[in-house]
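Let me begin by presenting the structure, written as structure tokens, before commenting on it.
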Amino acid sequence: MDWNLSFIKKEDFLQHVKDTIKKYGDKLEPYNMKKFNSNTVDPIKMIFDKTVYRSTWEEIISNEIFRQRDKANNNDIGYFHQRIFRYIDKCHVPENGSEGGWDVIVKNKDGIGLPDGDTVHTIYVEMKNKHNTMNSSAAGKTYIKMQNQLLNDDDCACFLVEAVAKQSQNIKWETTVDGKKVSHKRIRRVSLDQFYELVTGEKDAFYKLCMVLPEAIQEVIEDSKEELRIPKDTVVDELKNIAKRTKIESEDLAMSIAIYLLGFSSYNGFNRLIKTGGNDKLLDVLYEYATKIDKLVD
């Protein structure tokens, strides 16, 4: 892999990519039914999605597993965006919760120029993956935190850095605190590309990083095959096993009932269905599932 990034060493970048992939951790573990329903899926939504999108059960369940993994992985991508600055000159990444809880601190004894012509020697950074990840309450708390930092240090600026911003920008952050619109020239909203430019001195630094990232990830995965195994999920097989035991001729209806029991096993009607006997009722194993999910794994 060719290397043309002057602001970070190749070995440091590859190590950071490897550390980020390792952060995926238990998200790479296979999903069985117990893990699948640990956050309680919405059976009604799954039934609608399958029918409206004309999907198979395999596709719908696979999509739900992907959604669950993806939700957890957002924090790991936040790790990538934040912790990479450990390897970039003049940047410091505090341990979680320390040094005021800032994500990144930039210090330059020669001064850091701001767009309005002002110069400071320290920048305190709060970093977010996307521009819309903070509600009004969280935004207000973050802004107050930045105001307090300015009161304690008149030679600094505070940045809200967004990895995926609406556009490339380095602007005054205007928000609302206690119903009042507030802004300050040293409290700024900055897109990730412009933050990279500020700390590296290279206008297209973030672009260059993005260009080498796909190959870097592939290289790390190829070198770590034993550590990074593709998970074999068993949710579909387990649900199909339940569906077969219902003795219902329609496979689609039997699967629907199995899906319903993921969320509704104790609901009126459903609880009666699984607790009664008879050839036209669900088998005892479904009651076993409703009361203790981990007994269903064959």
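The values are calculated or read from the model by the stated rules, or taken from the named source; none is laboratory data. Nothing here was measured: the structure is a model prediction, and the numbers come from that model. Methodologically, a virtual Cβ is constructed for each residue, glycine included, from the backbone with ideal geometry; neighbour enumeration extends over all protein chains shown. Keep in mind that these areas ignore ligands, DNA and RNA; they rest on the heavy atoms of the full protein, side chains included. Shrake-Rupley method; radii C 1.70, N 1.55, O 1.52, S 1.80 Å.
Taking segment 99-108 on its own, how many of its residues are open to solvent by 60 Å² or more (accessible area, probe 1.4 Å) and modelled with pLDDT under 95? Let's see the steps before the verdict.
From segment 99-108, those open to solvent by 60 Å² or more (accessible area, probe 1.4 Å) are 99, 107; that's our starting set.
Within this subset, residues satisfying the condition of being modelled with pLDDT under 95 are 99.
Summing the residues that are open to solvent by 60 Å² or more (accessible area, probe 1.4 Å) and modelled with pLDDT under 95 in segment 99-108 gives 1.
Being at pLDDT 95 or above and either among the basic types (Lys, Arg) or open to solvent by less than 20 Å² (accessible area, probe 1.4 Å) (or both) is the filter here, so list the residues in segment 120-140 that pass it.
Here is the first cut: in segment 120-140, the ones at pLDDT 95 or above are 120-127.
Passing the criteria: 120, 122, 123, 125.
Considering only residues that are at pLDDT 95 or above and of a type outside the set (Gly, Ala, Ser), look in segment 154-166 and name the one that is most open to solvent (accessible area, probe 1.4 Å).
155
Are any residues in segment 223-241 basic (Lys, Arg) and either modelled with pLDDT of 80 or more or over 19 Å from residue 62 (Cβ atoms) (or both), and if so, which ones?
Taking segment 223-241 and keeping what is basic (Lys, Arg), we get 225, 229, 232, 240.
Once the filter is applied, which keeps residues that are basic (Lys, Arg) and either modelled with pLDDT of 80 or more or over 19 Å from residue 62 (Cβ atoms) (or both), segment 223-241 yields 225, 232, 240.
Please go through segment 24-54 and pick out each residue that is free of Cβ contacts under 8 Å to residues at least 24 places away in the same chain and in contact with a Phe, Trp or Tyr (Cβ under 7 Å, 6 or more places away or on another chain).
50
Residue by residue, here is whether (1) modelled with pLDDT of 90 or more; (2) out of contact with any Gly (no Cβ under 8 Å at 6 or more places or on another chain); (3) in a loop (DSSP other than H, G, I, E, B); (4) closer than 23 Å to residue 49 by Cα holds:
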{"residue": "195", "(1), (2), (3), (4)": "yes, yes, no, no"}
{"residue": "198", "(1), (2), (3), (4)": "yes, yes, no, no"}
{"residue": "243", "(1), (2), (3), (4)": "no, yes, no, yes"}
{"residue": "248", "(1), (2), (3), (4)": "no, yes, yes, yes"}
{"residue": "254", "(1), (2), (3), (4)": "no, yes, no, yes"}
{"residue": "260", "(1), (2), (3), (4)": "no, yes, no, yes"}
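Hey, among the residues in segment 173-196 that are touching a strand residue (DSSP E or B) at 6+ places or on another chain (Cβ under 9 Å) and of a type in the set (D, E, K, R), which one's least open to solvent (accessible area, probe 1.4 Å)?
To start, the set of residues in segment 173-196 that are touching a strand residue (DSSP E or B) at 6+ places or on another chain (Cβ under 9 Å) comprises 173-176, 181-192, 194-195.
Those still in the list that are of a type in the set (D, E, K, R) too: 174, 181, 185-186, 188-189.
Numbers: 174: 131, 181: 176, 185: 101, 186: 39, 188: 15, 189: 58 Å².
Ranking the qualifying residues of segment 173-196, first place goes to 188.
For residues in segment 140-193 being part of a strand (DSSP E or B) and hydroxyl-bearing (Ser, Thr, Tyr), which is nearest to residue 113 (Cα to Cα)?
First pass over segment 140-193, keeping only residues part of a strand (DSSP E or B): 156-164, 170-172, 175-177, 180-182, 184, 187-191.
With the extra rule that they be hydroxyl-bearing (Ser, Thr, Tyr), the set shrinks to 175-176, 191.
Working: 175: 23, 176: 27, 191: 16 Å.
Ranking the candidates gives 191 first.
Could you say which residue among 57, 3 is touching a residue at least 12 places away in the same chain (Cβ under 8 Å) and either open to solvent by 80 Å² or more (accessible area, probe 1.4 Å) or under 30 Å from residue 204 (Cα atoms) (or both)? First the steps, then the outcome.
Values: 57 fails: either open to solvent by 80 Å² or more (accessible area, probe 1.4 Å) or under 30 Å from residue 204 (Cα atoms) (or both).
Of the residues listed, the single one that is touching a residue at least 12 places away in the same chain (Cβ under 8 Å) and either open to solvent by 80 Å² or more (accessible area, probe 1.4 Å) or under 30 Å from residue 204 (Cα atoms) (or both) is 3.
What about residue 111, is it without any contact (Cβ under 8 Å) to a residue 12 or more places away in the chain, open to solvent by less than 80 Å² (accessible area, probe 1.4 Å) and out of contact with any Gly (no Cβ under 8 Å at 6 or more places or on another chain)? First the steps, then the outcome.
Working: without any contact (Cβ under 8 Å) to a residue 12 or more places away in the chain: yes; open to solvent by less than 80 Å² (accessible area, probe 1.4 Å): yes; out of contact with any Gly (no Cβ under 8 Å at 6 or more places or on another chain): yes.
Spelling it out, residue 111 is indeed without any contact (Cβ under 8 Å) to a residue 12 or more places away in the chain, open to solvent by less than 80 Å² (accessible area, probe 1.4 Å) and out of contact with any Gly (no Cβ under 8 Å at 6 or more places or on another chain).
Do we find a residue being open to solvent by 60 Å² or more (accessible area, probe 1.4 Å), without any contact (Cβ under 8 Å) to a residue 40 or more places away in the chain, part of a helix (DSSP H, G or I) and aromatic (Phe, Trp, Tyr) anywhere in segment 66-80?
yes
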